[in-house]
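Trainee: Below is a structure I'd like to ask you about.
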C-alpha cells in the first residue's frame, strides 16, 4: 500500500518518516513528495581509462575513482552545471531522507524533465527500509541539447510503500551496506572495502 498525501503528512509529523528540510505542504502531492537538486556533483572524465571490469572473478580491490571521476564539487545558480548530450554525472538531493524499517521509498523523475532527455536515476530508484542520507542521482542526458542545471530545482518525487511488517535486516544495520548515512555525492563502491 502506498501512502497518500494525508498519510505522508501524518508520518512526517510523527517523525516516523523524516525529510530534512521539512517539506512545505505544497510539495506533498497525491502520493508523492517533491524533492530538490542539491548543490554537489561529480562528473566522469573523458577517455582517461579505457574500461572498468565489472566481473565478479576480479580481485576485490578498490577501484581508483580518481582516474575516472572528479572529486565532489559544488555548483550554484551563478555557476550552473552543463550536462552535455550523452553524458553521465552524479548529483545529490538537497533533502536528507530517513526511512523507518517498515517503509520503502520509490524515486521517480519528473515527466517534464524526462521529455527534455534528462534521466535522473539510471537504474536505482528504490530507497530501502532503514535508509538515512542524501539520495545520489545518476543523471544521464539522453537528449540532443545541453541541459543547464542549478541547485534547488524540483528534480524528482518520492513515494512511500508500507510493508506488511518491519524488515529484519534494515539498510542501516547491514554490514555490507555500502552507503550508510550517505552525505553528498558518494561515488560507486563497486568492491567491498
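Trainee: Just to check your reading of the model, which residue among 78, 193 is modelled with pLDDT of 95 or more, over 18 Å from the mean Cα position of the chain (by Cα), more than 21 Å from residue 29 (Cα to Cα) and assigned to a loop (DSSP other than H, G, I, E, B)?
Mentor: Result: 78 is the single residue among 78, 193 that is modelled with pLDDT of 95 or more, over 18 Å from the mean Cα position of the chain (by Cα), more than 21 Å from residue 29 (Cα to Cα) and assigned to a loop (DSSP other than H, G, I, E, B).
Trainee: Go through region 97-125 and count every residue that is touching a residue at least 60 places away in the same chain (Cβ under 8 Å) and in a loop (DSSP other than H, G, I, E, B).
Mentor: 4
Trainee: Sort out which residues of region 11-27 are closer than 24 Å to residue 164 by Cα and surrounded by 13 or more Cβ atoms within 10 Å (Cβ to Cβ), and write them in order of number. Full working, then the answer.
Mentor: Applying the first criterion (closer than 24 Å to residue 164 by Cα) to region 11-27 yields 11-19.
Listed by number, the residues that qualify are 11, 12, 16, 17, 18, 19.
Trainee: Given the condition assigned to a loop (DSSP other than H, G, I, E, B) and farther than 24 Å from residue 142 by Cβ, answer yes or no: does some residue in region 81-96 qualify? Write out each step before concluding.
Mentor: From region 81-96, those assigned to a loop (DSSP other than H, G, I, E, B) are 84-87; that's our starting set.
Adding the requirement that they be farther than 24 Å from residue 142 by Cβ leaves none.
Among the residues of region 81-96, not one is assigned to a loop (DSSP other than H, G, I, E, B) and farther than 24 Å from residue 142 by Cβ, which makes the answer no.
Trainee: Taking residue 107 as the residue in question, decide whether it is buried (at least 18 other Cβ atoms within 10 Å of the Cβ) and closer than 12 Å to residue 160 by Cα.
Mentor: Yes: the conditions hold for residue 107.
Trainee: Filter region 15-54 for residues that are in a loop (DSSP other than H, G, I, E, B), at pLDDT 85 or above and in contact with a helix residue (DSSP H, G or I) (Cβ under 9 Å, 6 or more places away or on another chain); which is farthest from residue 69 (Cα to Cα)?
Mentor: Looking at the filtered set, the residue picked out is 30.
Trainee: Taking region 110-125, which residues are at pLDDT 90 or above and surrounded by 13 or more Cβ atoms within 10 Å (Cβ to Cβ)? Talk me through it step by step, then tell me what you get.
Mentor: If we filter region 110-125 for residues that are at pLDDT 90 or above, which is where we start, we get 110-120.
Within region 110-125, 110, 113, 114, 116, 117, 118, 119, 120 meet the criteria.
Trainee: Quick one: in region 127-142, which of the residues that are touching a strand residue (DSSP E or B) at 6+ places or on another chain (Cβ under 7 Å) and assigned to a loop (DSSP other than H, G, I, E, B) is surrounded by the fewest Cβ atoms within 10 Å (Cβ to Cβ)?
Mentor: Just the residues of region 127-142 that are touching a strand residue (DSSP E or B) at 6+ places or on another chain (Cβ under 7 Å), to begin with: 127-129, 131-142.
Among the residues that remain, those that are also assigned to a loop (DSSP other than H, G, I, E, B) are: 128-129, 131, 142.
Details: 128: 18, 129: 20, 131: 24, 142: 12.
For region 127-142, the residue satisfying everything is 142.
Trainee: In addition: Of all residues in region 143-182, how many are in a loop (DSSP other than H, G, I, E, B), at pLDDT 70 or above and within 29 Å of residue 3 (Cα to Cα)?
Mentor: First, the residues of region 143-182 that are in a loop (DSSP other than H, G, I, E, B): 143-146, 150-153, 163-170, 174-181.
Next, only the ones that are at pLDDT 70 or above stay: 143-146, 150-153, 163-170.
When the remaining residues are screened for being within 29 Å of residue 3 (Cα to Cα), the result is 151-153, 163-170.
Going through region 143-182 one residue at a time, the tally reaches 11.
The values are calculated or read from the model by the stated rules, or taken from the named source; none is laboratory data. Everything quoted here is computed from the prediction, not taken from an experiment. Quick reminder, even Gly has a Cβ in these numbers, built from the backbone with ideal geometry, and neighbours come from all protein chains shown.
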